[in-house]
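Have a look at the structure below before the remarks.
The values are calculated or read from the model by the stated rules, or taken from the named source; none is laboratory data. The structure presented is a predicted model; accordingly, all values stated were derived computationally and were not measured. Here the Cβ positions follow ideal geometry from the backbone for every residue, glycine too, while neighbour counts run over all protein chains shown. SASA here: full protein model, heavy atoms, side chains in, ligands and nucleic acids out. Shrake-Rupley method; radii C 1.70, N 1.55, O 1.52, S 1.80 Å.
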Amino acid sequence: MVLETLMVELAGQMREAERQQRERSHAVRKVCTRVDYSWLASAPRPAYDLSPGERLQLEDVCAKIHPAYCGPAILRFRQLVAEQEPEVQEVSRLFRSVLQEVLERMEEEEEAQRLTRQWSLRAPRSTLTTFRSRARIAPFASDIHTISEDVERDTPPPRAWSLPEFRARKED
């Protein structure tokens, strides 16, 4: 499915590039001769076609593309065609470069996933738990002794702020 989609996109972009090239040549001819015979001409046949060897090479590269990368590859190809407006002969070269970029990105992501898997299998989980159990967090503990700390030691422990203060009534 990916192979067919990418090859149909290539064929469509080649037709579009050929049409634009034809329009440019007609515009130049019209400016030079000052006569427009476009209404007389029939739709021309495609002048450029991929060689069988080149088509097979491109199909081989397209077969390596993962389905998840098909859409981004097409978008990148369309973007480059719109930016560069290549001649018909250059479209297949541009397509091949986009496919190579996608293959490189796929390999990089696979390598990253493989390294992540290796790391997760190698990393012993017990070291993290033992470290966590040994480490105690005491946000108010301090090694610096203050005067108020000495005074507080002699007083009874303070009541919790959330509890109301009850006092016994003095009877007269």
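Checking each residue in the range 1-15 for being surrounded by 14 or more Cβ atoms within 10 Å (Cβ to Cβ) and of a type in the set (D, E) picks out only E9.
Only one entry in Q100, Q79, Q84 is surrounded by fewer than 16 Cβ atoms within 10 Å (Cβ to Cβ) and out of contact with any helix residue (DSSP H, G or I) (no Cβ under 8 Å at 6 or more places or on another chain), namely Q79. Sub-8 Å Cβ pairs linking a first residue in the range 58-72 that is open to solvent by 60 Å² or more (accessible area, probe 1.4 Å) to a second residue that is among the hydrophobic types (A, V, I, L, M, F, W, C) and assigned to a helix (DSSP H, G or I), at least 6 apart or interchain, are A63/V2; A63/L3; K64/L103; H66/V2; H66/M106; P67/V2, ordered by first then second residue.
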